[in-house]
There are 2 protein chains.
Amino acid sequence: MSVEEVNKARTTVPFTREQLESVLRGRFFYAPAFELYGGVSGLYDYGPPGCAFQANIVDVWRKHFILEEDMLEVDCTMLTPYEVLKTSGHVDKFSDWMCRDLKTGEIFRADHLVEEVLEARLKGDKEARGVVEDANASAQADADKKKRKKKVKQIKAVKLEDAVVEEYECVLAKIDGYSGEQLGELMVKYNIGNPVTGEPLEPPKAFNLMFETAIGPSGQLKGYLRPETAQGQFLNFNKLLEFNNGKTPFASASIGKSFRNEISPRAGLLRVREFLMAEIEHFVDPLDKSHPKFDEIKDIELSFLPRDIQEAGKTEPIVMTVGEAVSSKMVDNETLGYFIARIYQFLMKIGVDSTKLRFRQHMANEMAHYAADCWDGELKTSYGWIECVGCADRSAFDLTVHSKRTGEKLVVRQKLETPIEVTQWEIDLTKKLFGPKFRKDAPKVEKILLNLSQEELAAKAEELKSNGKIAFQVEGIEGTVELDDKFVTIEKRTKVEHVREFVPNVIEPSFGIGRIIYSIFEHSFWNRPEDAARGVLSFPPLVAPTKVLLVPLSTHKDLQPVTKEVSKILRKAQIPFKVDDSGVSIGKRYARNDELGTPFGITIDFESAKDGSVTLRERDSTKQVRGSVEEIINAIREITYSGVSWEEGTKNLKPFVSQAETAAE
Amino acid sequence: MSVEEVNKARTTVPFTREQLESVLRGRFFYAPAFELYGGVSGLYDYGPPGCAFQANIVDVWRKHFILEEDMLEVDCTMLTPYEVLKTSGHVDKFSDWMCRDLKTGEIFRADHLVEEVLEARLKGDKEARGVVEDANASAQADADKKKRKKKVKQIKAVKLEDAVVEEYECVLAKIDGYSGEQLGELMVKYNIGNPVTGEPLEPPKAFNLMFETAIGPSGQLKGYLRPETAQGQFLNFNKLLEFNNGKTPFASASIGKSFRNEISPRAGLLRVREFLMAEIEHFVDPLDKSHPKFDEIKDIELSFLPRDIQEAGKTEPIVMTVGEAVSSKMVDNETLGYFIARIYQFLMKIGVDSTKLRFRQHMANEMAHYAADCWDGELKTSYGWIECVGCADRSAFDLTVHSKRTGEKLVVRQKLETPIEVTQWEIDLTKKLFGPKFRKDAPKVEKILLNLSQEELAAKAEELKSNGKIAFQVEGIEGTVELDDKFVTIEKRTKVEHVREFVPNVIEPSFGIGRIIYSIFEHSFWNRPEDAARGVLSFPPLVAPTKVLLVPLSTHKDLQPVTKEVSKILRKAQIPFKVDDSGVSIGKRYARNDELGTPFGITIDFESAKDGSVTLRERDSTKQVRGSVEEIINAIREITYSGVSWEEGTKNLKPFVSQAETAAE
């Protein structure tokens, strides 16, 4: 088959999730964790091929981002004390909205419930109108039917009024932006209750998604499992800056597990309670967010779904270059645009279908108040568009809150080429009076005063002038602390500064590796048209769990020495491979292998035993070529690690037609 | 310097932990987590060099074990439901003994407290006797003095009676084997209390070391963070066996974080609450624990500290080959011996000092009741001998308990060459009676009966015969279930079997990566005799965080194009490197680099700008050679990844003496 024929074949048999899942579970890419004990929803284990696939994707990520951009990788703990997550805002705000059914005790996630019910009604409307869906959608719909009927009772082929359809579609386009109260109003307005019984539910309540635990034997130190890897990077900012010899911009990066106690996880690998994240925190001067390598990526064209389109209730993306997106100010700055493009390049390397990728901008009410701009890399799957990568400009928020809470400066100091004159409020402390008055609390009191902002100093100066003293609270000291002008002087002074001090802004690309992996599973899966039961996972060789299946044509003893020899050579070349010397037909062995996504097969036959030549088979086209072991391994290495095409990599090798295989296939 | 000179230099300046720690923290190998918030004991973050060192060690582990032995890697969740860890025994038994000081509220770990106090008294005795310790020990002792004085008040130069010294030494040799009660008795007998105040403590109480949390929004599913990665591997046994086409022996492996809520963690990276583990579960036929590759390792000589020596209160190991250890039955079987040797080989590759490694056998009262044999790979550090690798034959315990609890078979089925006659108890159920009697509980009752062991069946047969019925408990059914012979038949029958069914035994090598890393830090650290303030970390190139420091001799613009060119070549060759183009002297840059453990320096000078030649410097000997960039990179690659010596790798390159560097060093 030619490349075109393969592409055609890949879309011939309609996709269904059930067939993919049966392959993924059958070949132990993953399995529900604790299945022996009935399982725990939202927890999954990766088996050998899933684990290798994940390791390969992490390896590509590390090379594409960390090595290429000289990022500083850190490995921080998952256990995180309460205070840190209180400061970061997670204790108060990291929640989803849940609704309880008081009769059955069931708990639903409010936004998902609204989405599910409205989508079901729209589908019912389509059925009633006799609208024909595309092949994939209708195959999936058929497969879903039985399940869905059970899950959402209201799905009936009921025609809706045109205005209602439009209203529903508009709500769905904005679904990520609603508050708990708004969701509650929608549920009342559209009569959304328990999808099975139809009974009304309690109004949405906030449920914090962090797993809580206690650290230490006394049980008194409250902690959480981190909901993201970012905080560890922020807290180590000063050490990282020093490691980088004080220079900015620079980025830190971290790869590790994070945890979210999802309310009611049901979407397989897409919504799990424990997941692998890879996060970058790029620290940049707030006055200069240009990027030195922006030119290299500015011509890349991407699908953007900006804020205004969504707020108009639409979902049609616009296609433009990253350069245009930044120059038109749709994307806030060059560094943000640079990372969006680099994310795109990464996703292409590991097998994402470019037609199923869009960058969606956060809506105003969806974005954190401090963020300058935020775009999600979303991948299309049978579950809809899924947020897989976030790319946010978090401004100086994180470093500022931690600095304020702990009294430690988290700033960059930059020598100024030309010194500047600065007029600002300054506070002087008569330190020798602090010790006697506050004893062991003296450093705490001093720290608070020395960390006052310009606005606060101006207010305190006014207070000192009018009252003859300033009053303030100190944690750990009861009542109000009062100090007169013997203790403090607050004045506006003009000085020449040679050093500029600033809190850097943070651009944060954040990857949900498990969601990306599942999306690639969907994007890579197809069934051979000649036998729809035969699934293939067309992973790019670079990330395929195993690169080569080594198959002796038969179990005859004459083939064993060559098989051993080729194994040894492959092991030495560090090309991950598996031997399949089971007695089943070669066609069956290749079929099994196609399901594992192994891009190459090396067949050993009786000719091999004589002259050392072997056959190389390509998974997608089932094309075969013949050559010496060395030639074949070179071709594999070139195609897998240097990214050359099959045609280019095998151009000096002889085409080969195996009768045995043709028959079996 | 020659190799011998380097070895001599490495032991000239006595080792102190404080100097090592100052380098490790100064260069951000690691740092206390949440230091900005005052830190949380037992939690540490790895900075860029620590993170890279860890990643390299994991990479070597993966190649040495998983790839070399075709193991099946899995990635299982850390969140684990209560039931699983109840079955495994962790809920009931995974505890340490803690003693509370009722006055101060302090909590101590009982065995560590006894150990610490007795060791302090023995040191005091040595001081009183005027015993001279070796240089390292006394340097460390000096450095410790101030700290220790504060920590353990009782340390005084007090001479003990000879019999007491012997008794203390005997207790210390057996310290890992005492129960909580025994520890309590020792504390009374030797008058051990709060080491600072001397006040008596509460008797030891068991404290479970697992972190607890609740899974899901209702808070009703109790869970823990896994204390080891093993359970996930056991629970997936059937899927792994199927993946391996039903064949044994095979091994699974897992690399990931585990958690232990240590009572009072104080020994830096050696005792932490969150840590990286790498574990192997090798499933093997209980009737045949031979290993096909045993011959390859049988002549390796190791230091063994067997059970009988420790039980005699001694600590002097014996040196013998693994072959002798197995044939003499000191080590239980070939597979266990094979893995002990493979562990040794792995530790040598990554930089462990072979003279600071011993394999200590668990004592009878220390070993789990089900274990057939267990050896700990211990590494000597300034904290004493530390368990870094465990290697246990866990028999069929784990698979058996999970199978019994869940009613699912976890067995291997092996076709017998010659069928055998088997006589055994069998139970028949009259299934049509179970449904009407038990309704929805019927499958549960049936499962219990079908899973009875041979011993249990024999007892039930006797019961049925004498009482006319059998009685038993079923979870979820109140009272006792009684069945007469209309429901069940229990008979001894003889059958011809063509398939043998067995629960495999598990050999479990289990690695604490963080402990190994810290030990290598100690084993690799030394100070240059010519300048004791200059520390060097002599990591093997294979695992060094960065392989090459690229240093232009000056910041002159003529050197910039060559520096850029060499960077590009190094990046393409995928050799991890750093550029140091800061203005400081080359000697200072190399000194900084020695602390980071970077094995090679490439110096770019004005000659390089003319003819493309560069200088290669070796970290330990500070030897230098000159050649083309290509030659130098080849030498680096050979030494780093193929393990050739510096002499061999650079034999075709010209020796080079840089006046600038000689002066600076």
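Summary of computed values
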| quantity | calculated |
| --- | --- |
| Hits in region B:1-55 (condition: within 15 Å of B:Ile517 (Cα to Cα) and not hydrophobic (A, V, I, L, M, F, W, C)) | B:Arg17, B:Glu21, B:Arg25, B:Tyr30, B:Tyr44, B:Asp45, B:Tyr46, B:Gly47, B:Pro48, B:Pro49, B:Gly50, B:Gln54 |
| Candidate set: region A:165-195, residues that are under 30 Å from the mean Cα position of the chain (by Cα) and among the polar types (S, T, N, Q); chosen: the one surrounded by the most Cβ atoms within 10 Å (Cβ to Cβ) | A:Gln182 |
| Of all residues in region A:80-117 being at the interface with chain B (Cβ under 10 Å from one of its Cβ atoms), surrounded by 24 or more Cβ atoms within 10 Å (Cβ to Cβ) and within 23 Å of the chain's Cα centre (by Cα), the one that is farthest from A:Phe234 (Cα to Cα) | A:Thr80 |
| Some residue of region B:466-481 being of a type in the set (D, E, K, R), modelled with pLDDT of 90 or more and assigned to a strand (DSSP E or B) | yes |
| Residues of region A:244-254 satisfying the condition of being within 11 Å of chain B (Cβ to nearest Cβ) and crowded, with 22+ Cβ neighbours inside 10 Å | A:Ser252, A:Ala253, A:Ser254 |
| Test: A:Val58 is among the aliphatic types (A, V, I, L, M), closer than 20 Å to A:Pro545 by Cβ, within 11 Å of chain B (Cβ to nearest Cβ) and surrounded by fewer than 23 Cβ atoms within 10 Å (Cβ to Cβ) | yes |
| Residue identified as within 21 Å of the chain's Cα centre (by Cα), in contact (Cβ under 8 Å) with a residue 60 or more places away in the chain and outside any loop (DSSP other than H, G, I, E, B) among B:Gly377, B:Gly390 | B:Gly390 |
| When residues of region A:61-79 are limited to those that are surrounded by 21 or more Cβ atoms within 10 Å (Cβ to Cβ) and either more than 19 Å from the chain's Cα centre (by Cα) or facing chain B (nearest Cβ under 7 Å) (or both), the one farthest from A:Gly597 (Cα to Cα) | A:Leu79 |
| Candidates A:Glu242, A:Glu181, A:Glu212 - the one that is among the acidic types (Asp, Glu) and more than 30 Å from A:Leu410 (Cβ to Cβ) | A:Glu181 |
| Single residue of A:Pro204, A:Pro217 found to be surrounded by 20 or more Cβ atoms within 10 Å (Cβ to Cβ) and under 30 Å from B:Cys99 (Cβ atoms) | A:Pro217 |
| Where B:Gly232 falls short, out of the listed (1) under 28 Å from B:Ser510 (Cβ atoms); (2) of a type outside the set (Ser, Thr, Tyr); (3) outside any helix (DSSP H, G or I); (4) within 11 Å of chain A (Cβ to nearest Cβ) | (3) |
| Members of region B:204-223 that are more than 9 Å from chain A (Cβ to nearest Cβ) and in contact with a Leu (Cβ under 8 Å, 6 or more places away or on another chain) | B:Pro204, B:Met210 |
| Residue within region B:258-272 that is within 14 Å of chain A (Cβ to nearest Cβ) and without any contact (Cβ under 8 Å) to a residue 60 or more places away in the chain present | yes |
| Checking B:Ile569 against (1) over 30 Å from B:Ser254 (Cβ atoms); (2) buried (at least 20 other Cβ atoms within 10 Å of the Cβ), the condition it does not meet | (2) |
| Candidate set from region A:273-302 (those that are part of a helix (DSSP H, G or I) and surrounded by fewer than 19 Cβ atoms within 10 Å (Cβ to Cβ)); member that is farthest from the chain's Cα centre (by Cα) | A:Asp295 |
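Residue by residue, here is whether (1) farther than 22 Å from A:Val657 by Cα; (2) in contact with a strand residue (DSSP E or B) (Cβ under 6 Å, 6 or more places away or on another chain); (3) touching a residue at least 12 places away in the same chain (Cβ under 8 Å) holds:
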{"site": "A:Phe525", "(1), (2), (3)": "yes, yes, yes"}
{"site": "A:Gly535", "(1), (2), (3)": "yes, yes, yes"}
{"site": "A:Phe539", "(1), (2), (3)": "yes, no, yes"}
{"site": "A:Leu549", "(1), (2), (3)": "no, yes, yes"}
{"site": "A:Leu559", "(1), (2), (3)": "no, yes, yes"}
{"site": "A:Arg571", "(1), (2), (3)": "yes, no, no"}
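Each row is one residue, and each column tells you yes or no for (1) of a type in the set (A, V, I, L, M, F, W, C); (2) within 21 Å of B:Leu240 (Cβ to Cβ).
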position	(1), (2)
B:Tyr37	no, no
B:Cys51	yes, no
B:Gln54	no, no
B:Leu67	yes, yes
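The values are calculated or read from the model by the stated rules, or taken from the named source; none is laboratory data. Keep in mind it's a predicted model, so treat the numbers as computed, not measured. Every residue, glycine as well, gets a Cβ built from its backbone with ideal geometry; the counts of neighbours run over all protein chains shown.
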